[in-house]
Amino acid sequence: AALALTGCAHLDHHAHHNIEADPARGVVPLTEDSTLVAVIQDVNDSGVAGTLFFTRMGEGIRVSGTVTGLDPNGKHGFHVHAYGDATNLDNGTSAGVHFNPFGHDHELAGSTDHHAMAHAGDFPNLEADANGTATVDFVAKAADLTFGPAAIIGRSIIIHEKEDVGDQPWGGAGGRIALAVIGLANPDSLPAAE
């Protein structure tokens with residue numbers, strides 16, 4: 001009987017993967033080219049807000065969007081963290097530590113490209129303008145979207161109060177001022193293609 005039940009579970013598992021996409025019924029399969037979204041929530045009433053999108057671009061992930069409410073003309077550490085958990089918006093610690101599935105050293109990511117041997121969660125600093133707004137547009141090469149050990153779906157973005165200066169183990173960027181859980185984007189809510 002146990003073998004029969006195991007066999008049924010195995011068949012059900014495969015049947016699940018053969019279900020055709022039907023967004024009207026909420027059947028939206030993940031693919032390697034799914035678009036992800038993260039809506040930023042402020043931590044400890046920091047006033048930071050914004051929306052980020054994650055799309056495949058070549059062998060990396062394009063991260064794009066806008067963040068507001070930052071210190072004018074300031075830099076802020078910006079990383080993927082281990083858990084997609086926003087239960088603690090007093091200090092953001094529910095998101096855990098940097099996402100680092102391969103055990104690499106922390107590395108300060110460049111402004112336009114991302115080194116493949118850094119933490120999968122190491123992103124470039126956000127750079128705010130005189131109005132406290134940061135425009136985000138870069139390619140991350142150490143992370144993936146939806147599949148494999150470096151997949152970021154279901155994890156979170158953390159924005160820090162200070163600049164990431166590249167120190168071990170986390171960049172010395174100080175406290176957490178914003179958190180955003182990374183999830184599957186609704187195609188109807190995506191910005192128009194450039």
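Residues in the stretch 90-114 that are at negative phi, modelled with pLDDT under 95 and open to solvent by 20 Å² or more (accessible area, probe 1.4 Å): Val97, Asn100, Pro101, Phe102, His104, Asp105, Glu107, Leu108, Gly110, Ser111, Thr112, Asp113. With the checklist (1) at pLDDT below 90; (2) in contact with a Pro (Cβ under 6 Å, 6 or more places away or on another chain) in hand, flag the one item Lys141 doesn't pass. Of (1) at pLDDT below 90; (2) in contact with a Pro (Cβ under 6 Å, 6 or more places away or on another chain), only one is false for Lys141: (2).
Residues of the stretch 29-44 that are out of contact with any Pro (no Cβ under 9 Å at 6 or more places or on another chain) and either in a loop (DSSP other than H, G, I, E, B) or more than 19 Å from Ala150 (Cα to Cα) (or both): Pro29, Leu30, Thr31, Glu32, Asp33, Ser34, Val39, Ile40, Gln41, Asp42, Val43, Asn44. Scanning the stretch 115-138 for residues being in contact with a strand residue (DSSP E or B) (Cβ under 9 Å, 6 or more places away or on another chain), open to solvent by 50 Å² or more (accessible area, probe 1.4 Å), modelled with pLDDT of 90 or more and not β-branched (Val, Ile, Thr) gives a total of 4.
Residues that are open to solvent by 60 Å² or more (accessible area, probe 1.4 Å) and either modelled with pLDDT under 85 or closer than 20 Å to Pro149 by Cβ (or both): does the stretch 67-80 have at least one? Within the stretch 67-80, none of the residues are open to solvent by 60 Å² or more (accessible area, probe 1.4 Å) and either modelled with pLDDT under 85 or closer than 20 Å to Pro149 by Cβ (or both). Only residues that are at pLDDT below 90 and out of contact with any strand residue (DSSP E or B) (no Cβ under 7 Å at 6 or more places or on another chain) were counted across the stretch 163-187, and they come to 9. Taken over the stretch 45-103, residues that are in a strand (DSSP E or B) and not charged (D, E, K, R) amount to 22. Within the option set Ile19, Ile40, being in contact with a strand residue (DSSP E or B) (Cβ under 9 Å, 6 or more places away or on another chain) and modelled with pLDDT under 75 holds for one residue only, Ile19.
The values are calculated or read from the model by the stated rules, or taken from the named source; none is laboratory data. As the structure is a computational prediction, the values presented were derived from the model and not from experiment. Note: ideal-geometry Cβ built from the backbone for every residue, glycine included; neighbour counts use all protein chains shown. For accessibility, only protein heavy atoms count, side chains too; no ligands or nucleic acids. Shrake-Rupley method; radii C 1.70, N 1.55, O 1.52, S 1.80 Å.
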